[in-house]
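Below you'll find the structure, written out as structure tokens, and then a few comments.
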């Protein structure tokens, strides 16, 4: 009896150690996003009226909602491993990961595109009226379209299943059903395009800023005025926004890219394998 009690004590201690990590990540993510929203709220009026900071605020709010909705399910599953075995709960957890993962990548991509237009094509940026209102409309479009797209597995297009190590649910990428396999590949392809697009746009903007600085350095005439212009540019919102974008992109992509790349690669490999087996069986029958 003493040995059994000791084993149960060890199990409870192990569970308490395991649950500490998701609780810490939940608290850190929620507090960090709340601080970001607070800082954006007390910023100067010209910053708050820009499209970029509207997108940053939208990203912070989206990430906060995702943290507050998905983390409790993970913590509950650590306390009771039967929680995610419920098909409805598993489907909902999969929807949360699908929606907030894709929405975060889309907002980051929109932020990179906005900075690209503002710095590389300022005339078009002004002509197209890229401002706070247009950013809010685009955020609304992202939310509605992504909700509809990510609800498709719950409508029977695909099937969600518990993923190793049994603490989260996601769509079944090993399925042999054509519709479900197409959805998995489509989701992975869209996510991968957003990741690559964000990286390319960020590199283009950083390259443009470096070229601008290099050109000003090679102009000896009117050096004072050029330096003043570059100092104004460096201290203005463009450079500050670019720093925010690069740091935010690095965090979001570091969290999303491994899952997207591995799942998409596995889905493509599995789909190719199933196609090969189908053709092989057909050839043998013939």
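Quick note: the coordinates plus some simple rules give every number you see, no bench work behind them. Values in this document were obtained by computation on a predicted structure and should not be read as measured data. Note: ideal-geometry Cβ built from the backbone for every residue, glycine included; neighbour counts use all protein chains shown.
Working note: Debye formula, equal point scatterers on the alpha-carbon atoms of region 140-201, no solvent; log10 I(q)/I(0) at q = 0.16, 0.25, 0.26 Å⁻¹ is -0.63, -1.10, -1.12.
For the pair residue 251 and residue 126, the difference between a 0.36 nm per residue extended length and the Cα-Cα distance amounts to 42.1 nm.
Computed over Cα pairs, the Kirkwood radius of region 22-172 leads via Stokes-Einstein (1.002 mPa s, 20 °C) to a diffusion coefficient of 126 µm² per second.
The three principal axes of the C-alpha atoms in region 66-145 carry coordinate ranges of 57, 20, 15 Å, sorted with the longest axis first.
Using the alpha-carbon positions of region 20-102, Rg (one decimal) and Dmax (whole number) come out as 15.7, 50 Å. Computed log10 I(q)/I(0) for region 111-152 at 0.15 Å⁻¹: -0.46, from the Debye equation with unit scatterers placed on every C-alpha and solvent omitted.
Note on residue 145/residue 21: beta-carbon distance plugged into 1/(1 + (r/R0)^6) with R0 of 45 Å gives a FRET efficiency of 0.85.
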